[in-house]
1. Tally the DSSP beta bridges in the chain and give the antiparallel ones as a percent, rounded to 5.
2. Quick check for me: using +1 on Lys/Arg Cβ and -1 on Asp/Glu Cβ, what's the dipole size of the chain about its Cα centre, in debye to the nearest 20?
3. Share of Cα-Cα pairs in the range 222-300 beyond 14 Å, in percent?
4. Quick one: with all protein chains in place, what share of the accessible area of the chain is carbon or sulfur, to the nearest percent (1.4 Å probe)?
5. Would you kindly find the accessible area of Thr170, with a 1.4 Å probe and non-protein molecules such as ligands, DNA and RNA excluded, rounding to the nearest 10 Å²?
6. Counting other Cβ atoms within 10 Å of each Cβ, which trypsin sites (Lys or Arg not before Pro) in the range 223-326 have at most 15 and sit in a DSSP loop?
7. As an exercise, take the mean of 1/r over every pair of distinct alpha carbons in the chain, invert it, and state the Kirkwood radius in angstroms.
8. Please give the charge dipole size of the range 222-300, origin at the Cα centre, charges +1 on K and R Cβ atoms and -1 on D and E Cβ atoms. Round to the nearest 20 debye.
Amino acid sequence: MNAKLGRIFSGIQPSAGVPHLGNYIGAIKPWVHYQDTAPLKPILSVVDLHALTNPKLKPEILRDNIFQMTASLLACGLDPNKCIIFQQSTVPHHTELSWILTCCSTLQRIQAINTWREKVKLLGKEKGAPLGVLVYPLLMAADILLYKTDTIPVGDDQSQNIELTRELATTFNRRFNCNVMKVPEKLVQTESNRIKSLRDPTSKMSKSDDTQGSSVTILDCQDLIRAKIKKAVTDSNPVLSFDPEKRPGVSNLIGIYAAMKNISKSDALTEVESMDTLQLKNAVSDVVVEALSPIRSEHSRLMESKEYLTQVLNNGKNSATEIADQTLIEVKKAIGVL
Ligand code: AMP
Ligand code: TRP
């Protein structure tokens, strides 16, 4: 038990439905570990309200994605008895606190977070992007502060949002002369844990990258996994070495091998050192297929039982609401509406 972790909160958007290998290695595997090591149940939210910032997401797709993501999290080993898994929109406290925080921040401060400009470009809507793209970090701050979170395991791309959350917590406590908000620590995933695209190993594996074969999803069948990894971009040096700067493709494959076998990168290198690139690709395919096969069948079993998934999310909602209720009452008393 690692008492320092305290309360852990993290969120994953159901925008693509099924996580890819980067999500699995970088986020879900660590969460599975935390459910056994953290002193309090980690809280994991399928953040459907955040996914609404994509105006192209159709309602029927979102509805299905929420189930797909929940089934994926459970299939990857998250245990509803050891953590709280819930759908963000079922706990309205998130939107309520988000509005209160919106009134505690400034337009200038939110505009200084530069991710929204990139998102606007990505959506191709320079003239008419949803306002949610700009105020997204305030909803994220509400997610975190509602549960008096100590630790937030997220990627380094979320750093500015976490920094805003910490600032808002401090500003709120000072302005309302209280101690309601807990200033969270962050747990930034280091660059070395980032899984890269198989087609372009200088950029991260991502949901929005549609390039054929750039990512492996946790539901890909064995043949597809092998085909994608076989085509992974590497280099012409036949001797294997780990050097993410100079040899991003080979190093990415060694990183995947290490993560799937739960061993260090140096131990992974020792195991594969004598192989050529093709043998490495086969070895990586073997460990990925071995790890993902049971996940794939468990996912399809769970998708057959929507009632069970609904029940898990409903229990999660009840547990999350209990905590969120308390915080929101304290917040309302502090600001003078209660
Ligand atoms: P996203 O897919 O961007 O919504 O991210 C969901 C979670 O997966 C976050 O905690 C990310 O940091 C993590 N994640 C996303 N892509 C990668 C990647 N390529 N490598 C490692 N972790 C990732
Ligand atoms: N913004 C996060 C992402 O895109 C998802 C998220 C929403 C989140 N709320 C959160 C992560 C709260 C951690 C804590 O990956």
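1. Counting only bridges with both partners in the chain, antiparallel ones make up about 10 percent.
2. 780 debye
3. Summing the P(r) of the range 222-300 above 14 Å gives 60 percent of all pairs.
4. 52 percent
5. 60 Å²
6. Details: sites: Arg226, Lys228, Lys230, Lys231, Lys246, Lys261, Lys265, Lys281, Arg296, Arg301, Lys306, Lys317; in loops: Lys231, Lys246.
Passing both the DSSP loop test and the Cβ count: Lys231, Lys246.
7. After inverting the mean inverse Cα-Cα distance, the result is 21.1 Å.
8. 280 debye
The values are calculated or read from the model by the stated rules, or taken from the named source; none is laboratory data. Since we're looking at a predicted model, the values are computed, not measured. No Cβ is skipped: glycine too gets one built from the backbone with ideal geometry, and neighbour counts run over all protein chains shown. Protein only, heavy atoms only, side chains kept; ligands, DNA and RNA dropped before computing areas. Shrake-Rupley method; radii C 1.70, N 1.55, O 1.52, S 1.80 Å.
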